[in-house]
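Laboratory data are not the source of any read-out in this text; all were calculated from the coordinates shown. Source: prediction; values computed, not measured. A quick note on method: Cβ atoms are made from the backbone with ideal geometry, for glycine too, and the neighbour counts reach across all protein chains shown.
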Ligand code: GLA
């Protein structure tokens, strides 16, 4: 009420101009006939981000190089049908309620057994099949402040949706700084029953521009001394091992392609590992630095989360993306800030259960520059 009164007072001051919050535009309909909208966030430094209400999904992200030439650095599709099709491997979406894998789709909580969909044999992946949060249409509202422009998405997942307990209220906010090339994604959630939660963004980056042939030449540095080894179904063994002496040692920059061959014969067919981010979880700290030597574009990722899944796009299969461009094997990289996979079944991993009265919070910041 007070806020409202203050706003109307400001509006009476002659000559005071307000920057307008981004407007929603139609982005077509889902197969079920639900309207999908898209928001465009722009800043003075050359970044344009487009985010749609289906799955609170980052659709386009235009980023300048050192000469100011922009390229769209995320994979995606031109329309909702593309995102609903078989070729969509979680491009740009908000993944959850529990992103990554839950072993055999089973967990128990407060004495009850829960069974979830097996959609990545023999495990549960990225929250399920029909009503996982990447597939539903979120409510959205944009905002504008002195320093930033953004859009806030809300979705309330009913108790039992995709087999998970509790009514889970989620808010995902994309905030683009006006005077810096920083796009932040922040997550908040509350529940009325204890429930596991792990929200992340599943953008596929290629800093040369989506549709470029490979990401193997990108240089990657990960601020991670340890990782969680997995079995051949990509479920953690429960151990936390040092990266030292392995091909997962990215503590100093290496190209993605330099040592990937030794992972060809693993079930991940490349990098698809959860790394333990150095420092205190809950504090925003550096995760990764990715550089494309061709364009000079650099992406720096920071997070409050304990882990990051580094996935080298191994399961991309040449499907046609935006403008019909093919997206081949290893032509993009995901850096999914998150809790460790299968945390709900792993007693020595950081807690992933949200209790009533608590608030889940997660921030991930993507900072772009060019060299
Ligand atoms: C995650 C997983 C990968 C793969 C992709 C989606 O990053 O870790 O194994 O399933 O999502 O294709």
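At q = 0.09, 0.16, 0.21 Å⁻¹, what log₁₀ I(q)/I(0) does segment 19-150 have when each alpha carbon counts as one equal point scatterer in the Debye sum? So the normalised log intensities are -0.35, -0.88, -1.20. Put a dot 7 Å past the Cα of residue 268, heading toward its Cβ, do the same for residue 361, and the two dots end up 3.0 nm apart.
Per the Cα gyration tensor, segment 282-328 maps to an equivalent ellipsoid with semi-axes of 27, 16, 9 Å, ordered largest to smallest. Between 21, 66, 148, the Gaussian network model of the chain with springs among Cα atoms under 10 angstrom shows the greatest mean-square fluctuation at 66.
Taking the chain as a Gaussian network of alpha-carbon nodes connected by springs under 10 Å, the highest mean-square fluctuation of the residues 293, 26, 328 belongs to 26. Across q = 0.17 Å⁻¹, segment 236-371 modelled as identical point scatterers on its alpha-carbon atoms has Debye log10 I(q)/I(0) values of -1.09, in the order of the q list. Counted residue by residue at 0.36 nm each, then reduced by the alpha carbon distance between them, the extension gain from residue 108 to residue 258 reaches 49.9 nm. In terms of surrounding Cβ atoms within a 10 Å radius of their Cβ, 363, 191, 237 rank from fewest to most as 237, 363, 191. Per residue, the convex hull spanned by the Cα atoms of segment 178-260 measures out at 196 cubic angstrom.
A viscosity of 1.306 mPa s and a temperature of 10 °C, combined with the Kirkwood radius over C-alpha pairs in the Stokes-Einstein formula, give segment 188-312 a diffusion coefficient of 101 µm²/s.
Exposure proxy for 297, 152, 251: other Cβ atoms within 10 Å of each Cβ, ordered fewest to most, give 251, 152, 297. Quick one: Cα centre-to-centre distance for segment 76-113 and segment 309-341, in angstrom? Computed from Cα coordinates, the inter-centre distance equals 14 Å. Volume per residue for segment 2-370 equals 144 cubic angstrom (convex hull of Cα atoms).
Among 63, 129, 230, sorting on how many other beta-carbon atoms sit within 10 Å of each Cβ, with the fewest leading, yields 129, 230, 63. Normalising the average separation of contacting C-alpha pairs (under 8 angstrom, six or more residues apart) by the number of residues puts the relative contact order of the chain at 17 percent.
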